[in-house]
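J.: Mind having a look at this structure? Questions to follow.
What follows is calculated from the coordinates using simple rules that are stated; it is not laboratory data. Just so it is clear, the structure is predicted and the values come from calculations on it, not from any experiment.
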Amino acid sequence: MLSLLMTAAAGVSLAQDATPTAGSSTVTSHGKSEVRARLRYQALRIRQGLKSGVLSKDQAVALMDKLKSIGDQARADFNQNGKKPLANDQRAQINQLLDENSKVIYQAKHPGKSTSTDSNTPDDSNDAN
């Protein structure tokens, strides 16, 4: 099962970054490399939850499937752009999906805790999530 999750995690990574050009309006520090890093980190959080026993196999598979669909959307956007960086609206949409997914992962790993009233809303830079 863990190998299946590892394979799924590999599927969420995106193609290599296009070489950014100076002055390009769509290249920012929150571009495709950020999306790729967030996808990988969320996959890591899911694997950690499965390994620690906090997540069941079924929960982990469902979470990985959702993560893979977000990665597929990001990849489709990238390919639609002629393999050029994601446009600001595309990146914003993918980041919104990743924000929502991060909260779902947190809630699955911390049943009964609410993220809406918690000032420590989960993000993809905190290993405790």
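J.: In nm, what is the difference between 0.36 nm times the number of residues separating residue 96 and residue 79 and their Cα-Cα distance? The partial results should precede the final answer.
T.: Details: separation 17, 0.36 × 17 = 6.12 nm, distance 1.97 nm.
Gain on extension, residue 96 to residue 79, equals 4.2 nm.
J.: On each of the three principal axes of the Cα atoms of the stretch 30-80, give max minus min coordinate, whole Å, ordered largest first.
T.: Reported extents, whole Å, longest axis first: 38, 18, 9.
J.: A follow-up question, please. Return the subset of 57/103; 83/103; 57/113; 66/109; 57/83 for which the Cα-Cα distance in this structure is over 25 Å, preserving the input order. Mind dumping the intermediate values first?
T.: Numbers: 57/103 19 Å; 83/103 30 Å; 57/113 21 Å; 66/109 16 Å; 57/83 35 Å.
Listed pairs above 25 Å: 83/103; 57/83.
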